[in-house]
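Scroll down for the structure; my scribbles are underneath it.
The values are calculated or read from the model by the stated rules, or taken from the named source; none is laboratory data. Nothing here was measured: the structure is a model prediction, and the numbers come from that model. In this analysis, Cβ positions are derived from the backbone assuming ideal geometry, glycine residues included, and neighbour counts consider all displayed protein chains. Surface areas here come from the heavy atoms of the whole protein model, side chains and all, with no ligands, DNA or RNA. Shrake-Rupley method; radii C 1.70, N 1.55, O 1.52, S 1.80 Å.
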Amino acid sequence: RFLRARKWVLIDAFAMLMDTLRWRLDYGVRSLAVEGEHRIPLDLRAKCKAFFWGEDKQDRVLAYIRVGRHDRLAFSVSTHSEHI
């Protein structure tokens, strides 16, 4: 996936992979995947901004985000990462 995205340039693909892994660690993606929607604060779930539904062809859970319901001024990225 990363090689294709970076036109088969190994150094660029590796940098992209490392950035992705760093992001996943910083935002706790693994624990969110394990705990599911229960880890998302109730007020965010109640507004139906994001939810999990179905699986892709590799049996990975699909996350849907309704960007139209997002208020970008409601909280900062750092505040959001502390909640999730």
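Brief remarks follow.
- Within the assembled protein chains, the solvent-accessible surface assigned to residue 21 is about 90 Å², based on a 1.4 Å probe.
- Annotation: extensible slack from residue 27 through residue 6 equals 5.2 nm (criterion: 0.36 nm per residue apart, minus Cα-Cα distance).
- Estimated FRET transfer efficiency when R0 is 25 angstrom, pair residue 60-residue 19 (beta carbons, to 0.05): 0.80
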